[in-house]
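Reading through the structure tokens given below for one structure.
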Amino acid sequence: MSTVIRPEISEKSKYYIDKHRYYELKHFCLQYKEWKKVYEIYNDSIIFTTNLNRTFFESSVHSDLTAKYAIRKAEYGNRIKMIERIAKEADDFLYPYILKAVTEGLSYVHLKTRLDIPCGRDMYYDRYRKFFWLLSQERN
């Protein structure tokens, strides 16, 4: 189920972004769950390769692998934190609903019927658009 929102809003809107930019950011956010899984995998892998380094400390191959894992883990961690931070900036109270919607592609109807979001459609979509506007500013 995807969020049904017009990808193009008036250029006069305070949260205007180009429709193609919106789709780019939306697909960026939909990778959130995958990032969290990979982040945990890298976490386990770093521990494993660190133990290898203790056994074979003279080999630079293992330390390079550990460094690569650490860099990738940091990249995924930064993306995860950025999405969460911007969702909080969009609305501190609606943060969990906004995060769920943008990372899972949920519609307002789903949020209202299944999760009982405590606001109206207009307020929700205002904060939803604000989230993508803030994300667009962050990713420039």
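The values are calculated or read from the model by the stated rules, or taken from the named source; none is laboratory data. Keep in mind the model is a prediction, meaning the values are calculated, not measured. Quick reminder, even Gly has a Cβ in these numbers, built from the backbone with ideal geometry, and neighbours come from all protein chains shown. Accessible surface is based on the protein model in full, side chains and every heavy atom, while ligands, DNA and RNA are left aside. Shrake-Rupley method; radii C 1.70, N 1.55, O 1.52, S 1.80 Å.
Within the range 86-123, if we keep just the residues that are touching a residue at least 24 places away in the same chain (Cβ under 8 Å), surrounded by fewer than 17 Cβ atoms within 10 Å (Cβ to Cβ) and of a type in the set (D, E, K, R), the residue that is farthest from Arg139 (Cα to Cα) turns out to be Glu104. Considering (1) under 16 Å from Leu30 (Cα atoms); (2) open to solvent by less than 40 Å² (accessible area, probe 1.4 Å), the lone condition that Arg139 does not fulfil carries the number (2). None of Val38, Val102 is part of a helix (DSSP H, G or I) and at pLDDT 95 or above except Val102.
With respect to the stated conditions, Asp122 fails to be of a type outside the set (Ser, Thr, Tyr), modelled with pLDDT under 90 and assigned to a helix (DSSP H, G or I).
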